[in-house]
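Asks: The structure's right below; bear with me while I get my questions together.
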Amino acid sequence: MALPLPFPSQVAMTLHPPFLVSAAAASARLAALTAEQLRGEVAALTGLAVELRGLGAHLSVGDRLALQPRDRPAIDAEVVGFRDGLAQALAFGPLDGLGPGRPAVAALQPRPAILAVGDDWLGRVLDPLGRPLDGRRPLSRGAASRPLRGPAPQAAARARLGPPAGFGISALDAFVTCRQGQRLGLFAGSGVGKSTLLGMLARHASSDVAVLALVGERGREVREFLEDELGEAGLARSVVVVATSDAPPLLRREAAYAAMTIAEHFRDQGRSVLLLMDSLTRYCLALREIALSAGEPPGARFYPASVFAELPRLLERAGPGPTESGGQITALFTVLVEGDDMNDPVADAVRGILDGHVVLDRRIAERGRYPAIDVLRSLSRTVPGCLSSAEAALARRARAVLALHAELADLVRLGAYKPGADPQTDAALTAAPRIEAVLQQGRDERRDPADSFARLRAALEGVAP
């Protein structure tokens, strides 16, 4: 039996409401939909790299995704390259439980990592992903998020360097004077007092905020550094980002980016920020591991070319901010020189990018003079713009005395130089130990720059200009 057909008016009444939905209502309904996910699978694992099938056409370098191991929670990963139609990713955790066919999930609209810095991050210790490591409450999220790999301020819009930074350390303030917004490299081998010097800088430098990045640090030494070198007072005005030596290379690399992003947050608030990164060499080692895992060919000392392309992108983010912000990042990056070789590829590249270098010498440390800064081999490129003519002349005289003393030290020890042969040389040999005494400084002792120059002037008494 045929069913009766509806009247045309009934058809119109049935179809009418859906066709009259407004554009605004449709947009609201679409916005309320749950975001779909992109799903792929693990195709292969080579070293640290995970090759993914089914996602290559939807992802870009730097995008984040999740890998699902067997019998373990999902682990985060980041896309680092593409090859033969497959996406290559590195994980932020161990690869145990991963194998071909395991799921890989990304957001429908993947985006690079961001960090929402809050003002209450001061006094906290966190990992590169913004998770607290000090056992205290979770970190708050700021109003605005910043990309971890953001650009440097435009060169023509940056402010000029500010007045002398005032580190509170005589060897730096008098001989390697640093201006606010300047970037220095701290070159040192192992065991010459580098961590102690960083703790002194964090406690004594005249800045509003200190941001410390411990990249590839020994896990045993983190708490010792926080309690013994930084101290309660230093930590109260600091944010510490930690990625220990056993962390995956992505986390060690991310520690440098996170510290720089946090420093930029406070700089854009108009504050004076001191950024201490220990060490830039371990950051480069992490970049090397990532690049080699992605199949990039090695170069000098097995460092691929991308490592030296990435260095200026990170280092140029430090320094003065835009003119309207009024803030600046004064940065010191430590560089580990293997075998005290100052011509190491990383050390050589960093010297060409930064605004000066401070050299810690093992022989000075062995003599018991700390901080073991070799002032004759250290240099600040901004000294002419931040010292008065009298202070600059005083520093030059002190350098000349120390250079003459170093030149004649062997002759004096062998008895080849007889006192009284040259009055100027005699005066210099007498003044050199007094200058060394000025350079000697306890780790809890802070000196104003004016006091450092006064001590230097007294040490040079009797030495002709």
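The values are calculated or read from the model by the stated rules, or taken from the named source; none is laboratory data. Only a predicted model underlies this, so the values are computations on that prediction, with no experimental measurement involved. Please note: Cβ atoms are built from the backbone with ideal geometry, for glycine as well, and neighbour counts cover all protein chains shown. Protein only, heavy atoms only, side chains kept; ligands, DNA and RNA dropped before computing areas. Shrake-Rupley method; radii C 1.70, N 1.55, O 1.52, S 1.80 Å.
Asks: Within the chain, what whole-number % of the accessible surface is contributed by carbon and sulfur, with the 1.4 Å probe and all protein chains included in the calculation?
Replies: C and S fraction of accessible area: 56 percent.
Asks: Let me ask something else. What whole-number distance in Å separates the alpha-carbon centres of segment 319-369 and segment 268-315?
Replies: If you average the Cα positions of each part, the centres end up 14 Å apart.
Asks: Same structure, new question: Please compute the modelled spin-label separation between Glu324 and Asn343, points set 7 Å along Cα→Cβ, answer in nm with one decimal.
Replies: Roughly 4.9 nm, to one decimal.
Asks: So, counting K/R as plus one and D/E as minus one, what does the shell of residues with Cβ under 10 Å around Ala89 add up to?
Replies: -3
Asks: Taking θ as phi - 60°, what are the ³J(HN,Hα) couplings along segment 227-240 by the Karplus curve (6.51, -1.76, 1.60), each to the nearest whole Hz, with x for Gly and Pro?
Replies: Result, ordered by residue: 8, 8, 8, 7, x, 5, 5, x, 5, 4, 10, 10, 10, 10 Hz.
Asks: Further question: Report the full-extension gain for the segment Ala233 to His58: residue separation times 0.36 nm, less the Cα-Cα distance, to one decimal in nm.
Replies: Taking 0.36 nm per residue and subtracting the Cα distance, the gain is 58.2 nm.
Asks: Once the piece of chain linking Ser306 and Arg367 is laid out straight, how much longer is it, given 0.36 nm per residue of separation minus the C-alpha distance between them? Walk me through the numbers before you get to the answer.
Replies: On the way: separation 61, 0.36 × 61 = 21.96 nm, distance 4.01 nm.
Separation in residues times 0.36 nm, less the Cα-Cα distance, equals 18.0 nm.
Asks: Taking every DSSP beta bridge with both residues inside segment 215-372, roughly what % is antiparallel (nearest 5)?
Replies: The antiparallel fraction comes to roughly 20 percent.
Asks: OK, next. So if I take the centroid of the Cα atoms in segment 70-120 and the same for segment 376-445, what is the distance between those two points in Å?
Replies: Measuring centre to centre over Cα atoms gives 55 Å.
Asks: Could you work out the local net charge near Ala403, counting Lys and Arg as +1, Asp and Glu as -1, over the other residues with Cβ closer than 12 Å to its Cβ?
Replies: Residues close to Ala403 contribute a combined charge of +2.
Asks: In addition: Loop-only GluC sites (Glu not before Pro) in segment 29-124, please: DSSP not H, G, I, E or B, and at most 15 other Cβ atoms within 10 Å.
Replies: Of the GluC sites (Glu not before Pro), the ones in loops of segment 29-124 whose Cβ has at most 15 other Cβ atoms within 10 Å are Glu36.
Asks: Another question, then. All other residues with a Cβ under 9 Å from the Cβ of Asp355 taken together, and with Lys, Arg as +1 and Asp, Glu as -1, what is their net charge?
Replies: +3
Asks: Continuing with the same structure: Antiparallel as a % of all DSSP beta bridges within the chain, to the nearest 5?
Replies: Within the chain, antiparallel bridges account for around 55 percent of the total.
Asks: Sticking with this structure for a sec: What relative contact order, as a whole-number percentage, does the chain give when Cα pairs under 8 Å and 6 or more residues apart are counted?
Replies: Values: 885 pairs, mean separation 72.6, N = 465.
In percent, rounded to a whole number, it is 16.
Asks: In whole percent, what relative contact order does segment 103-172 give with Cα contacts below 8 Å and a gap of six or more residues?
Replies: 30
Asks: Points 7 angstrom from Cα along the Cβ direction at Asp422 and Leu133: gap in nanometres?
Replies: So the label points at Asp422 and Leu133 sit 5.3 nm apart.
Asks: Then there's this: Taking amide H positions as placed in the peptide plane 1.01 Å from N, state which residues far from Phe82 in sequence (5 or more) or on other chains have amide H under 5 Å from it.
Replies: It is Gln88, by chain and number.
Asks: So, one more: Between Arg83 and Ser245, what FRET efficiency comes out of the Förster formula 1/(1 + (r/R0)^6) with R0 = 30 Å and r the beta carbon distance, rounded to 0.05? Don't skip to the answer; put the middle values down first.
Replies: Values: r = 29 Å, r/R0 = 0.96.
According to the calculation, E is roughly 0.55.
Asks: Something else now. Grab the Cα-Cα distance for Leu411 and Gln109, subtract it from 0.36 nm times how many residues apart they are, and report the gain in nm with one decimal.
Replies: Difference between extended and current length: 101.5 nm.
Asks: Can you give the charge dipole size of the chain about its Cα centre, rounded to the nearest 20 debye, using +1 on the beta carbon of Lys and Arg and -1 on the beta carbon of Asp and Glu? Walk me through the numbers before you get to the answer.
Replies: Numbers: 53 positive and 52 negative charges, 122 e Å.
For this selection, approximately 580 debye.
Asks: Let me ask something else. Can you give me the accessible area per residue for segment 224-329, using a 1.4 Å probe, in Å²?
Replies: Result: 32 Å² per residue.
Asks: Another question, then. Averaging sequence separations of C-alpha pairs under 8 Å and six or more residues apart, then dividing by the length of segment 229-349, give the relative contact order as a whole percent.
Replies: Here the relative contact order equals 30 percent.
Asks: Still on this model: Report which label in [x] 83, 61, 53; [y] 133, 45, 41; [z] 56, 54, 49 holds the value of Cα extents along the principal axes in Å derived from the coordinates of this structure.
Replies: [y]
Asks: As a test of the formula, what do you get for the chain when each DSSP H run with n ≥ 4 contributes -39,500 (n - 2.57) and the sum is divided by the residue count, at 222 nm and rounded to the nearest 500 deg cm²/dmol?
Replies: My calculation for the chain gives -11000 deg cm²/dmol from helical runs alone.
Asks: Next question. Provide the FRET efficiency to the nearest 0.05 for the Ser190-Glu41 pair, computing r from the beta carbons and using R0 = 35 Å. Don't jump to the answer; show the numbers that get you there.
Replies: Values: r = 44 Å, r/R0 = 1.25.
After rounding to 0.05, the efficiency reads 0.20.
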